[in-house]
1. Can you name every residue in the range 72-89 that is over 25 Å from residue 15 (Cβ atoms), loosely packed, with under 15 Cβ neighbours inside 10 Å and in contact (Cβ under 8 Å) with a residue 40 or more places away in the chain?
2. Please pick out the residue among 15, 41, 74 that is modelled with pLDDT under 95 and within 20 Å of residue 130 (Cβ to Cβ).
3. Say whether the condition of being modelled with pLDDT of 95 or more, closer than 23 Å to residue 36 by Cβ and in contact with a strand residue (DSSP E or B) (Cβ under 6 Å, 6 or more places away or on another chain) is met by at least one residue in the range 143-152.
4. May I ask you to say which residue of 8, 28 is out of contact with any helix residue (DSSP H, G or I) (no Cβ under 6 Å at 6 or more places or on another chain), at pLDDT 95 or above and either closer than 22 Å to residue 134 by Cα or part of a loop (DSSP other than H, G, I, E, B) (or both)?
5. Let me confirm something: among 53, 112, 152, 121, which residue is under 20 Å from residue 21 (Cα atoms), without any contact (Cβ under 8 Å) to a residue 60 or more places away in the chain and exposed (fewer than 15 other Cβ atoms within 10 Å of the Cβ)?
6. With the structure loaded, tell me whether residue 118 is over 16 Å from residue 13 (Cα atoms) and modelled with pLDDT under 95 or whether it fails that test.
7. Is one or more of the residues making up the range 99-120 more than 19 Å from the chain's Cα centre (by Cα) and not in a loop (DSSP other than H, G, I, E, B)?
8. Regarding the range 61-69, can at least one residue be identified that is in contact (Cβ under 8 Å) with a residue 60 or more places away in the chain, surrounded by fewer than 15 Cβ atoms within 10 Å (Cβ to Cβ) and not in a helix (DSSP H, G or I)?
């Protein structure tokens, strides 16, 4: 039996950037009978939009119980391009410094994401934000709802 691909959609949001932030993730499992959709979200009182984008991916990947084939969809060029363009090689070679010899922002999340990504076979897919992608829009709703609930 071939392994089914798991679809993950993620999004992050931040009010005032930096400020209150939220993240949302949808995981879609396919089996032979049905689709199982799981939704997750979270709130951080003081953060940035970039941290929320990364956190959404980290939190979604943490929920996978076994090594899996994954299509991960995000509207964050920051997240997707880091993997597609292998920014990590340079960062690691320079001791977590960017091309301008400055510390890499969000190193803690990037390190966690690298560990999680090595456990799975991930295809990173950039989607257009706030467009007609149903699941990306749902993640945006989850992230914004998390901010709203966190501020109550």
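The values are calculated or read from the model by the stated rules, or taken from the named source; none is laboratory data. Nothing here was measured: the structure is a model prediction, and the numbers come from that model. Every residue, glycine as well, gets a Cβ built from its backbone with ideal geometry; the counts of neighbours run over all protein chains shown.
1. 84
2. 15 is the lone residue from the list that is modelled with pLDDT under 95 and within 20 Å of residue 130 (Cβ to Cβ).
3. Checking the range 143-152: at least one residue is modelled with pLDDT of 95 or more, closer than 23 Å to residue 36 by Cβ and in contact with a strand residue (DSSP E or B) (Cβ under 6 Å, 6 or more places away or on another chain).
4. Being out of contact with any helix residue (DSSP H, G or I) (no Cβ under 6 Å at 6 or more places or on another chain), at pLDDT 95 or above and either closer than 22 Å to residue 134 by Cα or part of a loop (DSSP other than H, G, I, E, B) (or both) holds for just one of 8, 28, which is 28.
5. Of 53, 112, 152, 121, the one residue that is under 20 Å from residue 21 (Cα atoms), without any contact (Cβ under 8 Å) to a residue 60 or more places away in the chain and exposed (fewer than 15 other Cβ atoms within 10 Å of the Cβ) is 152.
6. Spelling it out, it is not the case that residue 118 is over 16 Å from residue 13 (Cα atoms) and modelled with pLDDT under 95.
7. So far as the range 99-120 goes, yes, one or more of its residues are more than 19 Å from the chain's Cα centre (by Cα) and not in a loop (DSSP other than H, G, I, E, B).
8. Within the range 61-69 (the criterion being in contact (Cβ under 8 Å) with a residue 60 or more places away in the chain, surrounded by fewer than 15 Cβ atoms within 10 Å (Cβ to Cβ) and not in a helix (DSSP H, G or I)), the answer is yes, since at least one residue qualifies.
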